[in-house]
1. Where does each of 35, 159 land when they are ranked from fewest to most other beta-carbon atoms within 10 angstrom?
2. How long is the stretch 95-242 along each principal axis, judged by its Cα atoms, biggest number first, in Å?
3. Can you compute the modelled spin-label distance between residue 232 and residue 62, with each label point 7 Å from Cα toward Cβ, in nm?
4. Largest first, please: the extent of the C-alpha atoms of the stretch 117-167 along each principal axis, to the nearest Å.
5. Quick one: of 27/218; 27/100; 62/231; 36/122; 122/218; 62/218, which pairs are farther than 30 Å apart, Cα to Cα?
6. Just the number: Rg to Rh for the stretch 115-200, Cα atoms, Kirkwood Rh, two decimals.
7. May I ask you to sort 61, 230 by Cβ crowding, counting other Cβ atoms within 10 Å and putting the fewest first?
8. Please give me the summed charge of the neighbours of residue 223: other residues whose Cβ is under 14 Å from its Cβ, Lys and Arg +1, Asp and Glu -1.
Amino acid sequence: MLKPESEKLISSKGRLADQLAERLIAKIKTLSPGTKLPPEIQLAADFQVSRTVVREAISQLKAIGILRSQQGAGNFVAPPSQTTLSFRDLDGYNPLDIVKFMEIRSGLDAAAARLAASRRTKAQLAEMRELCRRTMQASNVQEAAESDISFHLAVVEATANEHFVSVFRFLNAQIEEGIMFTRRLISGSSAMESDVRDEHQAILAAIEGENPELAAQKALEHIINSQNRLKLSFSHLAKSMDRR
C-alpha cells in the first residue's frame, strides 16, 4: 500500500495532476506488480487534492503502462512487459546511472526545444521566463532544483505533444532524488550555478526567437554540460572523501 502523503501538492509548481503523477510513479517503483492502489477517495485525502485530479493522474499512468485497471476492482501496478519501461534497479545516487539517463534526456530535450520554438504560446513563453527568474532568485537548493525541473517540463509541454510530456515525467521521476543530490553537489560552485542559469536563458532566447535549430542546439549543449558538471562534482566529492 502507498503510505499517506503529508506534503500538500503546490499549485504554483505546475498542474496538480502532473505533480501527483510524478509522486505516484516514485512510490509505485517500490511496489510489486499486482499491488492494488488505494481508492480514489483515499488518494485524494492523502494528497489533499480533488478526485478529478486523482483520476487525471491515474489516467496518465495507465497511458504509459505503469498502472492497469480491473473493472470493479480498482487500479493495480502493471507487471513488467516488453512495452512497459521498468527501472527498479536504478540507483539515483549512482553517477553512472544518472549520466545514462542524461544521455536519453539529451535527445529528448533537443527534440522538445526544437518543437517548442515553433509551437510555444505566449502563455507558455511567459511561464518559461518566470521559471528562469525563480531559478535566478532561488534562496536554497530545493527551490533551485524545483524551478530547474519545472523549466524543462515547461519546454516539453510547449511541444503540444502529450507523449513527450509523459516520457519526460516518467524519466524524471526515476531519478528525482538523484537530481536533488546532484543540485546539492553543484550548489557549492557559484560558477556552475551561473552556467546552469545562463544555459537556461540561452534555451529560452532561442525558443522566444522562434529558432528551432538553435533551440535544439542549446538544449543539447545544456545536457552535455550537465553531464560534465555531474562527473566533475562527483570526482571532487570522491577526492575529498579519500582525504579523510
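None of the figures in this text is laboratory data; all of them are computed from the coordinates on show. Keep in mind that this is a model prediction, so the values were computed, not measured. Here the Cβ positions follow ideal geometry from the backbone for every residue, glycine too, while neighbour counts run over all protein chains shown.
1. Numbers: 35 13, 159 22.
In increasing order of surrounding Cβ atoms, one gets 35, 159.
2. 50, 29, 23
3. Rounded to a tenth, the inter-label distance reads 4.7 nm.
4. If we take the Cα atoms of the stretch 117-167, the spans are 33, 24, 12 Å.
5. Values: 27/218 33 Å; 27/100 22 Å; 62/231 35 Å; 36/122 42 Å; 122/218 21 Å; 62/218 33 Å.
In this structure, 27/218; 62/231; 36/122; 62/218 exceed 30 Å between Cα atoms.
6. Working: Rg = 13.3 Å, Rh = 13.5 Å.
Answer for the stretch 115-200: 0.98.
7. Numbers: 61 23, 230 20.
By the 10 Å Cβ count, ascending, the order reads 230, 61.
8. Working: positive: 100, 105, 114, 218, 229, 231; negative: 103, 109, 148, 195, 199, 221.
Summing Lys/Arg as +1 and Asp/Glu as -1 gives 0.
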